[in-house]
Amino acid sequence: MTSLALREHEAAATAVAAVAVESAAVAAEPGPRDISVRRLAKNFGERRILDRIGFDVLRGQAVALIGANGAGKSTLLRCCLRLIEPDEGSITLLGEKAETLNRRALRRLRARVGFVFQRHNLVPRLSALTNVVHGAQARASGPAYWFHSVAPRRVREEALHCLAQVGLADFAAQRVDTLSGGQSQRVAIARALMQRPALVLADEPVASLDPSAGEEVMQLFVDLLKREKLTFLYTSHNLRHATHYADRVLGLREGRLVIDAPAAQADSVALRAIYDR
Amino acid sequence: MTLQAVAPKGLPRRFEPPGVLAFLLYVAALAVLVAAIDSVEASLDGFIRGLPGIANMLAQMFPPDLSRLPQILRALIETFAMALVGTALGLILSLPLAILATRRFSPHPLVYHASRALIAFFRTVPDLIWALFFVIAVGLGPFAGTLALAIDTIGFCGRFFAEAMEEADHGPQEALTALGASRLGVVFSAVVPACVPSFINTALFTLEKTTRASVVLGLVGAGGIGIELKVAMDLFNYDQAATIIVCIFLLVVAVERLSSLLRQQVIAGG
């Protein structure tokens, strides 16, 4: 490493530390918490993916989680809903301790949490409307919620309303494998809205889109969530998205939380330093 | 830059010589094949001596006798009906059994293993044996054959449906699990729609297979055109047998063509 690079690296490390110190004040903010994570750890074999992570997300807050590939962001989000079982620690979501819940109670908790994936994860052969109707399975089960053609009228209307909110009402009958990446991701957002969630998690929701579509979808997503005053935790590699759309930024590095700072005060050098190899 | 400059120093051998164990296994496999040929009493001499008999039979087959064509066509329709109903019944029963035989969706490992074992059992016992069993259980006639074909279909489709469901994209399944959908909701909302093309392909292949199988089941009294063929052959009415064989050929080809057309439609439809 050259001396200049070394100096830049040291400066960045100092910035990371400074921001991490600030995070104490954020964590101490009063108000109800929709997410509380304490000493969360997860190993895959010998490899430590999450190393005693702890943070809170206040109700109504938008929080961005950044980190290099393999830092543990997706694992952390999946652990929150126990799509991946954590090894240690506790997660309290919407007032419920996720790790203590049985299968039925866990399903009830998941129903209150919208999850938008990097790859939209829609069922490709089905229409946009049917994919959104699937969101109603958060509240009710049975064949009536498997396909829009057999769903009750009120459910179909609500699904169409959700599609209209993301600007895709005209595409309701279209198969999702004929939609563009941006349109598909908007259908996935509509499906999450159909759940009537109290909290939304999103795993790099626009990473698979081109910059223009990504910007458009991110703006729409955040606007909808702010309008509904929903709590929002999302991962991103886009530092502008992290600081522009979030109230707070969390930074993961090698499974450890090294940044927890208000987005407005987050130091761009410190944020970039998190990607240093 | 010349070719020699960039070429690797030594090309690898086209074929690696087998190890001692592999060589011994090849020799053992060859010995088994030779022993099997010996046990079936295969002889070129016997085949050549049989050729005049085959030629004589073929000569007697022409021209085919069409005098019993109406009865033969009725038996042919019955044969296809057995294949169609047997396949439909088998398909309906295969789906739930296949779900139970899918590791991700089976409610318990014991249920998973029991379902897999049942499907394997249905598949490994030949349809002719099932037909014999059902002839004793429900009597002579097409119903016994239909049940035999249904069981055979469960054995075939149960396995392929389960494998298609195991291989289905996990993304939509994870999304539905994440929103709190039930296990059945995930299966019917995400897995089954994704597997529809594969299911239809398997179902069409099964219909072709059961159509061919339904011809033979008549030999044990399980309905269909097989019994007509057996009687014609036993009475040396080779010209009538020729008519029956041509009818069977036309039925099987028609089903295969129709199935192929439908399959192309499914593939084109994604």
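The values are calculated or read from the model by the stated rules, or taken from the named source; none is laboratory data. Only a predicted model underlies this, so the values are computations on that prediction, with no experimental measurement involved. Using ideal geometry, Cβ is built from the backbone for each residue, glycine included, and neighbour counts are taken over all protein chains shown. Areas reflect the complete protein model, heavy atoms only, side chains present, ligands, DNA and RNA absent. Shrake-Rupley method; radii C 1.70, N 1.55, O 1.52, S 1.80 Å.
Where residues in region B:167-179 are surrounded by fewer than 22 Cβ atoms within 10 Å (Cβ to Cβ) and not in a helix (DSSP H, G or I), which of them is nearest to the other protein chains (Cβ to nearest Cβ)?
Filtering first and then ranking leaves B:Asp169.
Only one of (1) within 28 Å of A:Ala105 (Cβ to Cβ); (2) at pLDDT 95 or above fails for B:Arg183. Which number is that?
Condition not satisfied by B:Arg183: (2).
Which residues, counting only those in region B:96-143, are in contact (Cβ under 8 Å) with a residue 12 or more places away in the chain, open to solvent by less than 50 Å² (accessible area, probe 1.4 Å) and more than 19 Å from B:Ala83 (Cβ to Cβ)?
B:Leu97, B:Ala98, B:Ile99, B:Ala101, B:Thr102, B:Phe105, B:Tyr112, B:Ser115, B:Ile119, B:Ala120
Counting only residues that are out of contact with any Phe, Trp or Tyr (no Cβ under 6 Å at 6 or more places or on another chain) and more than 23 Å from A:Ser149 (Cα to Cα), which one in region B:190-205 is nearest to the other protein chains (Cβ to nearest Cβ)?
Applying the filter and picking the extreme gives B:Asn201.
Yes or no: B:Gly185 within 11 Å of chain A (Cβ to nearest Cβ) and not in a helix (DSSP H, G or I)?
Working: within 11 Å of chain A (Cβ to nearest Cβ): yes; not in a helix (DSSP H, G or I): no.
So B:Gly185 does not fit the description; no.
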